[in-house]
Each structure stands twice: as structure tokens, then as C-alpha cells.
Amino acid sequence: MTDAYIPADLPEKIQHYIDGELLDSLDGDTFEVLNPVTNETYVHAAAGKKADIERAVAAATKAFNEGPWPRMLPRERSRVLNRIADLVESRDKRLAELESFDSGLPITQALGQARRAAENFRFFADLIVAQADDAYKVPGRQMNYVNRKPIGVAGLITPWNTPFMLESWKLAPALATGNTVVLKPAEFTPLSASLWAGIFEEAGLPRGVFNLVNGLGEDAGDALVKHPDVPLISFTGESSTGQLIFGNSAPFLKGLSMELGGKSPAIVFADADLDTAIDACVFGVFSLNGERCTAGSRILVQRDVYDEFVERFGEITKRVKVGLPHDPTTEVGALVHPEHYEKVMSYVELGKSEGRLIAGGGRPEGFPTGNYVSPTAFADVSPDARIFQEEIFGPVVAITPFDTDEEALELANNTKYGLAAYVWTNDLKRAHNFAQSVQAGMVWLNSNNVRDLRTPFGGVKASGLGHEGGYRSIDFYTDQQSVHITL
Ligand code: NAD
């Protein structure tokens, strides 16, 4: 099933946005952006290089040093952020339409992500007006207080999965705290990012505060990381890219926030509410096309319920509705790009020798073009299998049995990653003790991936460095200066 669906009023080209102006690259270079349902080029985007990054950083530096934004009262900045949230909310359908078209995400899920983007702005708008900083007093002798200051130009580098929402997760706190920014969005999905410029202008964000340079990671991304006037880099992407950026930032001693890859376990104990656990595990790995950093892509099931779980999981997986991204009944759409499709398909083929295929295992019928992969599940996967160890980042899951709590923990911790873990059990003590011991930045107990924006978001081991969310984001984007006064 292919159709020629193309949203109305697509831009003729995608440009950079620097110092309030839409611009081509200085060398005129562009790259092709593909429709994931047909893999045809639907637009060209400006391919930024070092010179374009230099222009953007110069504009952001000027706005930081001379402009009003860092000097505004939190309440004034908060008003602008709330207007941004209002505008995102009022355009959520258009945003979802463009995001779904560009990334292949099911439209209903893209709509949820657009609303989350608005919520991110609203959340940080509230947080900065409620912000209280520390003060310490030694009566009659000394008074000390903390002076919180924006740092400067923040470099924001983002991936192609839920791109608009993930951009908002960095833009909102960076701007709320009075920094100026240069955003380098992912090259597979530049369309929704091109909407930020209009939204920010309409909301009254001063010129030069927000700058966007499109381009490849090794060109535009690399130049941003190596620019001496960018003291902060907030990066979300693959662990290997994070390692590279870490090294490239070292000579400049930059502040780094790294949200990296994952291979998160969902652990189902025999005493769990199996109906709920199975539904949640299906959602956890196949929603957002499986292109989700916190996907529960390894399912560990206690042997007493293993056979039943595998059979029922396989049956439900076969019924997950694969469809065109803009169809509201679609549950899994097209993967983002042919390169990524090839990678995911290579794991599907590998899985056939590493596990027992219980659902999917190739292209779904009726989708002759585009990056379609059937929701795929392998059972009996050994922990040394590559499909158990490596991040696939698609609709593919490995299921493995265990006997004891100790074995479950050992299996859960047995990868280089440590982003999320999901635990399904009705034994309260076991749930809390497991959470304490599992190597994961975030644990959901009898609960699906629901976020509270106040909580820290981040991973351990190869899944990241530092946290985003709530006050941790405020801390990352600000310097805390101690002021001491003798009384
Ligand atoms: P990626 O690492 O390939 O690219 C991410 C961004 O980095 C892109 O904008 C890219 O252009 C840029 N980039 C690439 N090389 C660069 C370089 N040398 N210097 C500077 N920038 C460079 O990741 P991806 O494939 O776009 O995204 C998928 C990955 O992101 C997965 O591993 C996923 O788990 C991870 N992710 C993590 C989280 C989280 O919060 N932990 C959230 C979403 C995605």
C-alpha cells in the first residue's frame, strides 16, 4: 500500500535560521530529505558547514552579550515561553502532520509528541518564576547566597526520533534560563524544526536568541561542538556519537549533557498482572515504531509464565496495525530512512539464527515501497546474542526466560546500556529492591513509560551522562556563583 499523500503547503526548501533570517548555506550546498513511505526526495535542505555555524554562533553571542533576553526578569521570559506553548498547542495538528510525514511516525503518536512539546515550554515557564536559590547564614558573622546566571551560547544537537519534542526538551530550559542557542537538528528529519522560527518570532523571542543550522553531523554538528564560543553542548543521539563529541569537547572543557542509546529490559515476574504486562510490553517496544530510546526492547519473563507470555505476546504482535503514517488507525508506520531500515532489517535476519521467530520477521505484506518492517519478536534469545546486546532502534524485541530474582537482575544488567527498566510484579518489596539494584537511570514499576517532567531523565553506563528534566536542566544551563558577605 503506497499512496501519494503529501501534506499541503510544504516548504519549497528548508533553510537555516540565523539572526532572524532564513538563509541558504554560504556555499549553497544542500542535502536531500526523503519521504519514508516512498523514499523519494521531497525537499532539499541547506547543508550547513563550519562557516554557517560561525555565523549562527556570532549571532547568538551578540544576542547574549548585548540583547535583552539574558537580562529579562524570569516573569518576562516566562510570558514569552507561555506564548510559545500556546502557539505550539494551537498548531499541534499541523506539527503532527509534518512530523508524521517526515519521520514515518503514526499520526496519532506524532500528535501526542506535539502536545508534549508545548507542555515542555509551559513547564519551564512555570519553573523559572518559582525558582528559589540557596542562601546560607551564619548569624552575626556571614551571609552567603547563590547567584544563578545563564552561561552563554548553548549548542543543541538532536536526533531524528520524535525530533520536534526532543528539540523542545532542550530549547525550553536553555531559553528559560536566559541562554541563547544554536540548534543542529537531525538531518533525516529537518521539517518540523523549520517551524520553530515562525513560532519564536510570533511569541516575541528577541532576534538572535534562537538560531538553527541544518546539516550533517560530521559537518555542522562537528563545527558546533568544536566552536570555542559555545560553552555548553546538550546532545541526544547514539552512544558512539556521544563518545566522539565527548572527545571533541574535551580541549574546550565544555559543559556536556548526553542522552544516549538504550537496550532497556522489561522484567515480567510470574506474580504480575499478565494482561496488563503483556499490553504494556507490546506498547513499550512497538510504539513510536520502536524508534524510542526508552523502548523495552528486551523482555525477561519468569519461566512459570514464559510459554503463556510468549504465545500471547506473539499473537498480539501479529495484530499490531502497520499502516500509512497519516492514517489515524496506524500503530506502526514506516521507519525514518532507508539507511536505518537496512540496519533494522539486518538485525531481523540475524535474529532468525539467534532466537525463535514468533511474529513478523520481514517486510509486511502490502507495502512495496518505503521503510516498512513488520513488528518482530524473537523468543528464547540467549544473553550473548547480538539482538540481546545491541540497540536495534526499531520494532524488534528479544524475549528471554529466567528462573530467580537474582538471574533476572543479572540479565537486566547484562548490557553496556542503562537507560530504563520496567518491572512487572505484585510483590511490593521485590519491586523496590529490584529498582534499587537495576542499572538504569529510570525505572517504571508496574507502569508504562509515563513521564513526570519534574523527575530526572537520563541514563547510566553507555546510556548517558547527566540528567535532563526539572531542576537538573536548570542546573545544566546555569552557573551557580556563590556570593559571601561578612556581617
Ligand atoms: P546520531 O548519534 O546518529 O545523531 C544524533 C545527532 O548528532 C544528529 O543531529 C547528527 O547529525 C549529530 N551528529 C552526528 N555525528 C556528529 C558529530 N561527529 N558531531 C556532532 N554531531 C554529530 O543519533 P540518531 O541516529 O539521530 O538517533 C538515534 C539514537 O539516539 C539512538 O541511539 C537513541 O537511543 C538515541 N536517543 C537517546 C535518547 C535519550 O534521551 N537517551 C532520546 C532519543 C534518542
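Read the figures in this text as sums done on the coordinates, not as results from a lab. All values reported here derive from a predicted model rather than from experimental measurement. No Cβ is skipped: glycine too gets one built from the backbone with ideal geometry, and neighbour counts run over all protein chains shown.
A few notes on this one:
- Normalised by the number of residues in the chain, the mean separation of alpha-carbon contacts (under 8 Å, six or more apart) gives a relative contact order of 18 percent.
- Footprinting exposure proxy for D219, D427 (fewest neighbouring C-beta atoms within 10 Å first): D427, D219
- Among beta bridges that DSSP assigns inside the chain, antiparallel share in %, nearest 5: 40
- For segment 265-445, the alpha carbon convex hull comes to 106 Å³ per residue, rounded to a whole number.
- Rounded to the nearest 10 degrees, the inclination of helix 338-354 to the longest alpha-carbon principal axis of the chain is 40 degrees.
- Model label sites at Q436 and S346, defined 7 Å from Cα along the beta-carbon direction, differ in position by 4.3 nm.
- As a ratio to 2.2 N^0.38 Å, the alpha-carbon radius of gyration computed for segment 305-359 takes the value 1.37.
- Ordering of 341-348, 5-12 by packing [mean C-beta count within 10 Å, highest first]: 341-348, 5-12
- For the chain: rounded, prolate or oblate by the Cα gyration tensor [a/c cutoff 1.5]: oblate
- The relative contact order of segment 78-146 comes to 34 percent, based on Cα pairs under 8 Å that sit 6 or more residues apart.
- What the Cα convex hull of segment 30-128 gives, in volume per residue, is 114 Å³.
- Of all DSSP beta bridges in segment 265-445, antiparallel share, percent nearest 5: 15
- With the highest mean first, a sort of the peptides 138-144, 311-317, 57-63, 104-110 on other beta-carbon atoms found within 10 angstrom per residue produces 104-110, 57-63, 311-317, 138-144.
- Out-of-range pairs (alpha-carbon distance over 22 Å; input K254/K461; K13/K254; K318/K461; K318/K352; K50/K254; K13/K170): K13/K254; K318/K461; K13/K170
- Distance between the pseudo-spin-label points of S482 and M143 (7 Å out from Cα toward the beta carbon): 1.8 nm.
- FRET efficiency for E201 and T404, using Cβ-Cβ distance with R0 set to 41 Å, rounded to 0.05: 0.10
- Each residue of segment 227-234 is assigned a 3J(HN,Hα), and the resulting list reads 7, x, 8, 10, x, 10, 10, 10 Hz, derived from the Karplus form 6.51 cos²θ - 1.76 cosθ + 1.60 (θ = phi - 60°), x at Gly and Pro.
- Applying both filters, DSSP loop and at most 15 other Cβ atoms within 10 Å, to the trypsin sites (Lys or Arg not before Pro) of segment 351-453 gives K416, R451.
- Neighbourhood charge, 14 Å Cβ-Cβ cut-off, centred on A58 and excluding it, Lys, Arg +1 and Asp, Glu -1: -2
- Principal axis dimensions, segment 394-487 - Cα atoms, whole angstrom, descending: 64, 33, 23
- Mean Cβ neighbour count within 10 Å, used as a protection proxy, ranking 361-367, 257-263 highest first: 257-263, 361-367
- Relative contact order (percent, whole number), segment 265-445, Cα cutoff 8 Å, 6+ residue spacing: 27
- Look at where the Cα atoms of segment 134-182 and of segment 203-233 average out, and the two centres are 16 Å apart.
- Shape of segment 175-328, Cα gyration tensor, a/c cut at 1.5: prolate
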